[in-house]
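Reading through the structure tokens given below for one structure.
A short reminder: the numbers here are calculations on the coordinates, not readings from a lab. For clarity, every value in this text was computed on a predicted model and none was experimentally measured. As a convention, Cβ positions derive from the backbone with ideal geometry for all residues, glycine included, and neighbour counts pool all protein chains shown.
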């Protein structure tokens, strides 16, 4: 493994993505479904790529959105669809494209109040809360994010009614249908103008931020955290939770400082990852040099990736903790001390998604 000379250093100007060119390529590029690298390909619940190499363009989003509408119809999922976006440059145009298809298909879409960026856990929380006690009219969700991938990336994830990431049998169905639509030059894709979609009777607003923040007390002992008087620091890394952390601190009166509130689609405030890429990966010591630099300033400091479903934690004595080690200890604690949280079938109800 060759380490880039830029690794661990502030991102130089020559590594910053040209945002206007990236977004232009999103609208002008036309992927060829006969070329494997230009087809829809779901990884961990989602499709990811870049408009620069024709792997994430408007056609991909239109085709995936229509495929999800067809999947919902086939499965009898007819409740609201909760939709969130992260701070990557391609997420906002992709969100607009998706809404045009969803509205044209008569799907009841729940957009964020004030077009707030929305972390993945907030979408999962909204789905779980809506579906609790229901057996019909179930909700599901979409998160438009490429997760921790570089600034030139775009991504599209689907969350079924259980609130967690879609399983492979779901994503394979959506992937196959989306590629059929791509191969047919989008024949069969329903669409309406964006301005009309925003005004559609099926387009609604949802307060993801405040409903998520207010419910945290039901899964986290905020009194214990507050009484411990820990000095907490968080770097949202310019991600979707940038306004969530200050709301949490204010609501629960925590000694928590948000050290970086900047949102910049180039992510120029990051240190460069091992391979010379700008990557918001909280598990990488190269990318997390800024976070590691906080270890003497706070008792605990942490960071999240752009859609806030990955974390990095730094302590004065331990430095950057391995996320999987922390998660393993947390899960062991929850199973021993929160038996009501443990599902009988872990794949059926991802309780951790709401926490």
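Going by how many other beta carbons lie within 10 Å of each one, how would you line up 167, 201, 257, fewest first?
Neighbour counts put them in this order, fewest first: 201, 167, 257.
Taking every pair of Cα atoms in region 131-210, average 1/r, invert it to obtain the Kirkwood radius, and report Rg/Rh to two decimals. Please list the in-between numbers first.
Values: Rg = 15.6 Å, Rh = 15.7 Å.
We get a ratio of 0.99 for region 131-210.
Which three lengths, in whole Å and largest first, does region 17-211 cover when its Cα atoms are put on their principal axes?
45, 32, 32
Antiparallel versus total DSSP beta bridges in region 220-321: what percent is that, nearest 5?
Numbers: 7 of 14 bridges.
Approximately 50 percent, going by the DSSP bridge assignments.
What is the calculated FRET efficiency for residue 210 to residue 32, with r their C-beta to C-beta distance and R₀ = 41 Å, to the nearest 0.05?
It comes out at approximately 0.40.
Could you work out the relative contact order of the chain? I mean the mean sequence separation of Cα pairs under 8 Å and 6+ apart, divided by the number of residues, in percent.
Value for the chain: 22 percent.
May I ask you to derive the FRET efficiency for residue 331 and residue 255 from their Cβ-Cβ distance with R0 = 25 Å, giving the value to the nearest 0.05?
That pair, residue 331 with residue 255, gives E of 0.40.
Output the peptides 43-49, 154-160 sorted from most to least packed, where packing is the average of other Cβ atoms within 10 Å over each peptide's residues.
154-160, 43-49
Mean-square fluctuation check for the chain, GNM, Cα pairs under 10 Å: which of 253, 30, 191 is largest?
Of 253, 30, 191, the Gaussian network model singles out 253 as fluctuating most.
Given the options 178, 96, 187, state which has the largest fluctuation in a GNM of the chain using a 10 Å cut-off (strictly under) for Cα springs.
For the chain, modelled as a Gaussian network with Cα springs under 10 Å, the answer is 187.
Which residues in region 210-226 place their backbone N less than 18 Å from a point set 7 Å from the Cα of residue 132 along the Cα-to-Cβ direction?
Within reach of a label on residue 132: 210-222.
At residue 311 and residue 217, where each label point lies 7 Å from the Cα along Cα→Cβ, what is the point-to-point distance in nanometres?
Using points 7 Å along Cα→Cβ, the separation is 2.0 nm.
Calculated FRET efficiency, residue 184 and residue 16, Cβ-Cβ r, R0 35 Å, to nearest 0.05?
The computed FRET efficiency comes out at 0.40.
Tell me the relative contact order for region 1-116 as a rounded percent, counting alpha carbon contacts under 8 Å between residues six or more apart.
22 percent
Quick check: residue separation of residue 176 and residue 275 times 0.36 nm, minus the Cα distance between them. What number comes out in nm?
32.4 nm
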